[in-house]
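Notes follow the structure.
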Amino acid sequence: MAAGPMTSPVRYDPLDEATLADPYPQLAALRGKTPVAWHEVMECWLITRYADCLRVLRDHETFARDPRRLGVQVPDAHLSVQVLDPPQQAAVRSLFMTALHAQNLDALQNSVGQAIRERLQQSAAQPVVEAMRELAQPVALTAIADLLGVTPPPLAEWAQISDTIMRSMDAGLDPELIEPGRRARAQLSDLVDSWFTITGRPSGLLGHVRAHTADAGPEQAAYVRHTARVMFQGGYSTLTAALGNLLHTLAHHREIWPVLRERRDLVRTAVDELVRFDGPVQGTTRLATGDVTFGDVRVRRGEKVTVLFTAANRDPDAFASPDRLVLDRTPNRHLGYGWGTHACLGTVMAQRVLAVLVDALLDTQLWPCPAGDAPRRRTATMRTFAQLPLCFQP
């Protein structure tokens, strides 16, 4: 039994340029040599095997998302459905999931599809398109704003706020990100607060939520607002990243094009596979509520464990030929959006938007092709592009 944290012999720096470009070889080496590895800089255990990741995500008693269960103070503004653990989380999560299922997702999907087709036609008229700015960001903002039933903020302004918040999630690696992140979260809070104070009959998901929390107590009302904030920011950033990753993969795997053109029935399973292959969310962290073992490694109470979705999604024990795109892979229980009660609330809508994008590419007979260097954003939490130059060709 290991007596304490032992550093992995495999160097893993999530912010290294080579790792940002392609983390999968390093993650495979880590999974093979030290599947539960102590990372000194991040001060946490890295969990890389699919089965171990799923164990952490399922076992809320042993692995806490809410730091208060270990006596750690958490600012009230951070307490949302993504921080609360079951059973405290249940009421707020149920409220938002019920509101989600009450929406006309088909109509929302059609609206987003029209916006995607218009942008693809505009893109086809240009020799090179910066696809994150011209396609992924505006489509993601339109989709999440329409789902919530709110007027979207100006894209350029919002993209800067969202990026600052996303970067601040890596404050454990760079403390200088803390204060800019705090200011950006305050701006987001002001925006969300304005949605809860508008007069008239609100629409969309937030309209449903407001109608069913009119008499909620102050604590519950705070959880609801904070969850709306997380859903807007998390939904936008995750969908933006997923759209960019999908376009990049399609651009570098042109063999997909004739297969999907002949087998349109594969689009839904193909989208699942594309998310598994290069998903948007790299991982999440829990706190051990007591001593626990993974094989011969002991994790002690209070230590952090970081579940690496990107590693789990390429685990050969869970996915045959994990480094290949298998468009008809079923079942495909990937962790691209997380898993369980803390998974992204907008996963259903995100999958619809990605499928609409692929359908639109097939309908317009436009296919993305690489058109220059595509640097990744320097962030360990979200796997996304800073720039993605593409051209769209028939």
Those residues of segment 342-380 which are surrounded by 22 or more Cβ atoms within 10 Å (Cβ to Cβ), among the β-branched types (Val, Ile, Thr) and under 18 Å from the mean Cα position of the chain (by Cα), in sequence order:
VAL353, THR379
Restricting the first residue to segment 232-252 and requiring it to be without any contact (Cβ under 8 Å) to a residue 40 or more places away in the chain and closer than 11 Å to LEU388 by Cβ, which pairs with a second residue that is part of a helix (DSSP H, G or I) and of a type outside the set (Val, Ile, Thr) meet a Cβ separation below 7 Å and a spacing of at least six or different chains?
none
Go through segment 363-385 residue by residue and tally those that are under 25 Å from TYR337 (Cβ atoms) and in contact with a His (Cβ under 9 Å, 6 or more places away or on another chain).
3
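Quick one: is VAL128 over 21 Å from HIS342 (Cα atoms) and buried (at least 18 other Cβ atoms within 10 Å of the Cβ)? Steps first, please.
On the way: over 21 Å from HIS342 (Cα atoms): yes; buried (at least 18 other Cβ atoms within 10 Å of the Cβ): no.
Here the answer is no, as VAL128 does not meet what is asked.
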Output yes when any residue across segment 194-202 is exposed (fewer than 15 other Cβ atoms within 10 Å of the Cβ), within 24 Å of PRO75 (Cα to Cα) and of a type outside the set (Ser, Thr, Tyr), and no when none is.
no
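Each row is one residue, and each column tells you yes or no for (1) at positive phi; (2) among the hydrophobic types (A, V, I, L, M, F, W, C); (3) touching a residue at least 24 places away in the same chain (Cβ under 8 Å).
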{"site": "THR310", "(1), (2), (3)": "no, no, yes"}
{"site": "ARG324", "(1), (2), (3)": "no, no, no"}
{"site": "GLY346", "(1), (2), (3)": "no, no, yes"}
{"site": "VAL356", "(1), (2), (3)": "no, yes, yes"}
{"site": "LEU362", "(1), (2), (3)": "no, yes, yes"}
{"site": "ARG378", "(1), (2), (3)": "no, no, yes"}
{"site": "PHE392", "(1), (2), (3)": "no, yes, yes"}
Could you please let me know if VAL92 is assigned to a helix (DSSP H, G or I), more than 19 Å from the chain's Cα centre (by Cα) and touching a residue at least 24 places away in the same chain (Cβ under 8 Å)?
yes
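Quick one: count up the residues across segment 291-330 that are within 17 Å of ARG49 (Cβ to Cβ) and either among the aromatic types (Phe, Trp, Tyr) or not in a loop (DSSP other than H, G, I, E, B) (or both). Give the derivation first.
Step one: filter segment 291-330 for residues within 17 Å of ARG49 (Cβ to Cβ), giving 292-299, 305-320, 322-323.
This time we only want the ones that are either among the aromatic types (Phe, Trp, Tyr) or not in a loop (DSSP other than H, G, I, E, B) (or both), so: 292-294, 297-299, 305-312, 319.
Looking only at that region, the number is 15.
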Regarding THR142, is this residue surrounded by fewer than 19 Cβ atoms within 10 Å (Cβ to Cβ) and β-branched (Val, Ile, Thr)?
no
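Quick grid of which residues meet (1) out of contact with any helix residue (DSSP H, G or I) (no Cβ under 8 Å at 6 or more places or on another chain); (2) small (Gly, Ala, Ser); (3) at pLDDT below 95:
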{"residue": "GLY302", "(1), (2), (3)": "no, yes, no"}
{"residue": "THR310", "(1), (2), (3)": "no, no, no"}
{"residue": "LEU325", "(1), (2), (3)": "no, no, no"}
{"residue": "ARG329", "(1), (2), (3)": "no, no, no"}
{"residue": "THR341", "(1), (2), (3)": "no, no, yes"}
{"residue": "GLY346", "(1), (2), (3)": "no, yes, yes"}
{"residue": "LEU354", "(1), (2), (3)": "no, no, no"}
{"residue": "LEU362", "(1), (2), (3)": "no, no, no"}
Provide a single number: the residues in segment 19-54 that are outside any strand (DSSP E or B) and touching a residue at least 12 places away in the same chain (Cβ under 8 Å).
24
Looking at segment 130-158 only, could you name the residues that are in contact with a Pro (Cβ under 8 Å, 6 or more places away or on another chain) and charged (D, E, K, R)?
GLU130
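Counting only residues that are part of a loop (DSSP other than H, G, I, E, B), of a type outside the set (S, T, N, Q) and touching a residue at least 24 places away in the same chain (Cβ under 8 Å), which one in segment 56-71 is surrounded by the fewest Cβ atoms within 10 Å (Cβ to Cβ)? Break it down stepwise before answering.
Filtering segment 56-71 for residues part of a loop (DSSP other than H, G, I, E, B) gives 59-62, 65-66, 71.
Keeping just the survivors that are of a type outside the set (S, T, N, Q) gives 59-61, 65-66, 71.
From the residues that got through so far, the ones that are touching a residue at least 24 places away in the same chain (Cβ under 8 Å) too are 60-61, 65.
Values: HIS60: 20, GLU61: 11, ARG65: 19.
Going through the qualifying residues, I end up with GLU61.
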Per the list (1) out of contact with any Ser or Thr (no Cβ under 9 Å at 6 or more places or on another chain); (2) in contact (Cβ under 8 Å) with a residue 24 or more places away in the chain; (3) surrounded by fewer than 14 Cβ atoms within 10 Å (Cβ to Cβ); (4) over 24 Å from VAL230 (Cβ atoms), residue check on ASP106 breaks on (2)
Kindly provide the set of residues from segment 109-128 that are in contact (Cβ under 8 Å) with a residue 24 or more places away in the chain and in a helix (DSSP H, G or I), ordered by number.
GLN109, SER111, VAL112, GLY113, ALA115, ILE116, ARG117, LEU120, GLN121, SER123, ALA124
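The values are calculated or read from the model by the stated rules, or taken from the named source; none is laboratory data. Predicted, not measured: the structure shown is a model, and the values here were computed from it. Note that each Cβ is placed from the backbone with ideal geometry, even for glycine, and that neighbours are counted across all protein chains shown.
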